[in-house]
Amino acid sequence: MKTIPRAKLETFLNNELKLSEFPKDESANGLQVEGAGTVNKIGLAVDACDYVFEAAAEKHIDFLIVHHGLIWGGIRSIHGIMKKRIKALLDADISLYACHLPLDCHPDYGNNAQLLNVLTIKRIGEFGEYHGKRIGYWGSLTKESSLKDFMGKVDRTLNTRSTALSFGKKVRKVGIVSGGGWSAIYDAEKTGIDTLLVGEPSHSAYTLAQEMKLNVVFAGHYATETLGVKAVGEMLKKRYALKTEFIDHPTGL
Ligand SMILES: [Zn+2]
C-alpha cells in the first residue's frame, strides 16, 4: 500500500468533492484539523467524536474523513468537549477532513446517489433545494411496491429500522435526501414523487405528508449517511492504492 502527502490529498479531495460549490454550508468543509504531513492510512466515519478519534488512533489512521465535522460556522472558543476532541486529534497527529452537503449530493460518491444505487432505484433527476442547490435525487422503482415491502428492503439494505408516514397510495417514484432532509417534502410534491425517503423523523412532516398524500420513510440519520464516506474510501483505495478503514459508530437515530 502507498502513502500520500497530506497536502496533495487535501487538494485532490477539495476538487473531487466540489467543495467550492457549497459556500453557504454551515459546515467548515475541508481540512479542519491538520495532522501528519504524510498519510499512511485513511479512516472514514459519519461523526467526529471521541469514540471515533480513539478508534482511529488505535488503527494507526492519520487522516480521518467525516460527514459531520467539528467546526460549524466558525471557532468561537476551544474549551470543554471541543478542547478534548481537538487535543485527541493533535496528540495522535490525525488530520480531520469534513465534507457535509457536498457529500450528500455528490453525483457519484454522495449519500443520496449511493442510496439510490443500493436500493436499485433508477435515477431520473435532482430535487430538494437547500442553500441554493438541489441536494436530493429522485428516481423510479422498476415495479410499483407496497410501502411495507419497500421499508423491508430499506431496512435489510441499510441495517436499520425505519418508520413511516403512510399517506401515499403506492411506492414507485422515490425521492431521497439523507439525514435531516424532511423539508424537501415541498419539492417532492412539486416533482411528483410519491415516497420521500429521509433520515431523521420530524413531527412537522406529519400534517404536510397527510395533506400532500405522500409517504415519508425515516430510515435513520446515521443509516442514511454511511454510504458517502464509504464510497470516498473506495475511490481513494482504487485511485491511490491507500489503506482505508470505515469506523462504525451507529447512533440508532
Ligand atoms: Zn447529517
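Before moving on, here are some points about what is shown:
- Full-stretch length increase - K59, T3 - with 0.36 nm per residue and alpha-carbon distance subtracted: 18.6 nm
- Equivalent ellipsoid, the chain (semi-axes from 5 times Cα gyration tensor eigenvalues, Å): 34, 18, 16
- Using alpha carbons only: equivalent-ellipsoid semi-axes of the range 107-253, gyration tensor based, whole Å: 26, 16, 15
- Links that overshoot a 23 Å alpha carbon limit, given the list K153/K243; K8/K84; K8/K41; K133/K213; K24/K84: K153/K243; K8/K84; K133/K213; K24/K84
- Centroid-to-centroid separation of the range 72-120 and the range 1-53 [C-alpha atoms, Å]: 8 Å
- A simple spin-label model places pseudo-atoms 7 Å from Cα toward Cβ; at F12 and H79 they are separated by 4.1 nm.
- Compared with the direct C-alpha span, the chain from M235 to I124 gains 37.6 nm at full extension, assuming 0.36 nm per residue.
- Gain upon complete extension [D50, R161; 0.36 nm per residue less C-alpha separation]: 37.4 nm
- Rounded to whole Hz, the Karplus (6.51, -1.76, 1.60) HN-Hα couplings of the range 123-134, x for glycine and proline: 5, 10, x, 9, 7, x, 6, 8, 6, x, 10, 7
- Taking K143, K153, K243 as the candidate residues, the one with maximal mean-square fluctuation in a Gaussian network model of the chain, Cα springs under 10 Å, is K143.
- Sorting the Cα pairs of the range 31-135 by distance into bins of 10 Å, from 0 upward, gives 14, 39, 28, 17, 3 percent per bin.
- The H on the amide N of L197, modeled in the peptide plane, is under 5 Å from the matching H of G175, I176, V177, V217, each at least 5 residues off or on a different chain.
- Where only DSSP H runs of four or more residues are counted, the chain gives -10000 deg cm²/dmol as its mean residue ellipticity at 222 nm, each run worth -39500 (n - 2.57).
- Computed from label points 7 Å out along Cα-Cβ, the spacing between S140 and K169 is 1.7 nm.
- Sorted on the mean count of surrounding Cβ atoms within 10 Å across their residues, most packed first, peptides 60-70, 183-193 read 60-70, 183-193.
No value in this document is a laboratory result; all are computed from the given coordinates. Computed from a prediction, not measured in an experiment: that's the story for all the values here. Glycine gets a Cβ as well: all are built from the backbone with ideal geometry, and neighbour counts include every protein chain shown.
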